[in-house]
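**Student:** Quick one: structure below, then a few questions.
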Amino acid sequence: MHGLSWTDLLGLWAHFMLLSLLAVGGAITTAPDMQRYLVGQQGWMTDAQFTAGVAIAQAAPGPNILFVAVMGWHVAGVAGVLATMAGIMGPSSLLAFAVGRFGRRRADSIGLRAFTAGLTPLTLGLLASTGWVLTAPVRGEWVAALLVLGTVATSVRTKLSPMWLIAVGAVAGAVALQPR
Amino acid sequence: MASDAELRRPANCGELFRAFNRLALQGFGGVLPVAHRTLVEQERWLSAPQFVELLTLGQVLPGPNIINMAIIIGDRFFGWRGALAAVAGLLLVPMVIVLALAVAYQQQAAHPAVAGALRGMGAVAAGLILATGVKLARTVRGNPMGLPACAAIGVATFALVGGLRWPMVWVVLGLGGLGMALAWRRIRQAEAAR
C-alpha cells in the first residue's frame, strides 16, 4: 500500500477517467471494470477488500459514488483517493456542467429517446455483472446466497431502508460468514 | 406543491453547501429521495417538474445522477462557484466518514467477526444492486426495441463483462451503440407508421 509510483497513479487516474464517461447507468455499473483492473490486472487489492469497500460505502451516508474513494484509499491512501475521485468525477462533471449551461432541453427528441431506450438493456447487464462480481468472496456460502436473494426480494417488494438490510447482513455475517 | 412564483433562491454558496451537505448526510443507500424532499419541499429552490427535468438530464449524462444534478443546480444559481459548492457539500463530509470507516475496517479486518460482518454486508450490497436491476427490468416492457432484442443485449453484456471479463469500454461502445441504433430505427418506424 501507498507504494504506487507516479506512473501507476497516472494510470489509475486515466483508467477512472475513461470509466467516468462509460458510467451511463451510474457509477456502480462500472464496478466490474474497476474490479477487473484493480484486482485482476494490477493485483492492488483482493476480491474481499473490493466487495468490503462497496459495502462500507453503502453503509455510510452520502452518494454511493464514494465507494470509489474507498478503492483509492485501499490502493494508495490520500493520493489514491485523489486519483480515483478526480478520474471518476472529472469528465462526467465537465460534461454535466457544459450540458446544463449550453444544452437545449429536448427530452422528447428521437435522439434522446433512442439513447435512453437503447442503453437500458446494457445497464441491466452491467448491474447484473456488478452484483455477480461483488459476490466473488462469498460464492458457495449458503448464508450469503440467502442474504443476496432476501435482499433482492425485500427491496423489490417493500420500501424498507437499505440501512436495515445492511445491518441484518452485518449481524448474519459476523455469526455465520467468518472466513475459514 | 409550490408554483414557480413561490420558489426561493439560496442566499449564497454557503447555503448551497449546507443544504447539499445536509441531504447527503441523511441519504443512506441513495440520496435522491432525500434530495427531492430537501430541494423541492423544504428549500423550495426547484419546482417538482423542474426536479424531474433535472433528474432526467442527470440520468442521460454519464456519472452519478445526484452529482450531475448538483452541478447543474449550483451553476444555475451561482455559476461555477455554485457548482463547486454544491458538489463539495455532497461529498466532503460523507467522504471523511466513509474513509474513517474504511480505516477502521483495515485495522480490524483480521478479527474473524469483523471480516464475517463485512462479508455479510457485501452480500447485501450485491443484493441491493441486483434489486436496482430488477426494478429497471420492469421498464423493458415499454422499450421500443422489443423484449427479445433487449434480452439478447442484456444477456450478452452480462456474459462479456461479468463472465468473460472483457474491458468495459468495448462492450459499452459495441452493444450500447448497437442498442441505440436499433432503438433509433424502431422509434423512426413507429413514428412513420402513425
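The values are calculated or read from the model by the stated rules, or taken from the named source; none is laboratory data. All of these numbers come straight from a predicted model, not from anything done at the bench. Quick reminder, even Gly has a Cβ in these numbers, built from the backbone with ideal geometry, and neighbours come from all protein chains shown.
**Student:** As an exercise: evaluate B:LEU182 against (1) surrounded by fewer than 20 Cβ atoms within 10 Å (Cβ to Cβ); (2) out of contact with any Leu (no Cβ under 9 Å at 6 or more places or on another chain); (3) in contact (Cβ under 8 Å) with a residue 12 or more places away in the chain; (4) facing chain A (nearest Cβ under 8 Å) and give the number of the one condition it does not meet.
**Tutor:** Here B:LEU182 meets the rest and fails (1).
**Student:** Go through region B:25-66 and report how many residues are more than 21 Å from A:THR29 (Cβ to Cβ) and part of a helix (DSSP H, G or I). Show your work before the answer.
**Tutor:** Step one: filter region B:25-66 for residues more than 21 Å from A:THR29 (Cβ to Cβ), giving B:25-26, B:34, B:36-53.
Checking which are part of a helix (DSSP H, G or I) leaves us with B:25-26, B:34, B:36-42, B:48-53.
Residues flagged as more than 21 Å from A:THR29 (Cβ to Cβ) and part of a helix (DSSP H, G or I) within region B:25-66 amount to 16.
**Student:** If you go through region B:154-167 one residue at a time, do you hit one that is surrounded by 18 or more Cβ atoms within 10 Å (Cβ to Cβ) and either among the polar types (S, T, N, Q) or not in a helix (DSSP H, G or I) (or both)?
**Tutor:** Yes, region B:154-167 contains a residue that is surrounded by 18 or more Cβ atoms within 10 Å (Cβ to Cβ) and either among the polar types (S, T, N, Q) or not in a helix (DSSP H, G or I) (or both).
**Student:** So, one more: Within region B:118-133, is even one residue within 7 Å of chain A (Cβ to nearest Cβ), outside any helix (DSSP H, G or I), surrounded by fewer than 23 Cβ atoms within 10 Å (Cβ to Cβ) and under 24 Å from the mean Cα position of the chain (by Cα)? Show your work before the answer.
**Tutor:** Restricting attention to region B:118-133, the residues satisfying the condition of being within 7 Å of chain A (Cβ to nearest Cβ) are B:118-133.
With outside any helix (DSSP H, G or I) added as a condition, the list becomes none.
Checking region B:118-133: not a single residue is within 7 Å of chain A (Cβ to nearest Cβ), outside any helix (DSSP H, G or I), surrounded by fewer than 23 Cβ atoms within 10 Å (Cβ to Cβ) and under 24 Å from the mean Cα position of the chain (by Cα).
**Student:** Here's something else I'd like to know. Among the numbered conditions (1) hydroxyl-bearing (Ser, Thr, Tyr); (2) at the interface with chain B (Cβ under 7 Å from one of its Cβ atoms); (3) under 30 Å from B:ARG186 (Cα atoms), tell me where A:SER93 comes up short.
**Tutor:** It fails just one condition, (3).
**Student:** Let me ask another. Specify which of the listed residues (A:TRP132, A:TRP164) is more than 7 Å from chain B (Cβ to nearest Cβ), closer than 29 Å to B:ARG119 by Cα, of a type in the set (Phe, Trp, Tyr) and assigned to a helix (DSSP H, G or I).
**Tutor:** Working: A:TRP132 fails: more than 7 Å from chain B (Cβ to nearest Cβ).
Going through A:TRP132, A:TRP164 in turn, the sole match is A:TRP164.
**Student:** Here's a follow-up. Scan region B:134-153 for residues that are surrounded by fewer than 21 Cβ atoms within 10 Å (Cβ to Cβ), facing chain A (nearest Cβ under 7 Å) and without any contact (Cβ under 8 Å) to a residue 40 or more places away in the chain and jot them down.
**Tutor:** B:VAL134, B:LYS135, B:LEU136, B:ALA137, B:THR139, B:VAL140
**Student:** Farther than 25 Å from B:TRP80 by Cα, of a type in the set (Ser, Thr, Tyr) and either surrounded by 20 or more Cβ atoms within 10 Å (Cβ to Cβ) or modelled with pLDDT of 95 or more (or both): does that describe A:THR30? Full working, then the answer.
**Tutor:** Details: farther than 25 Å from B:TRP80 by Cα: yes; of a type in the set (Ser, Thr, Tyr): yes; either surrounded by 20 or more Cβ atoms within 10 Å (Cβ to Cβ) or modelled with pLDDT of 95 or more (or both): yes.
When the stated conditions are applied, A:THR30 passes them.
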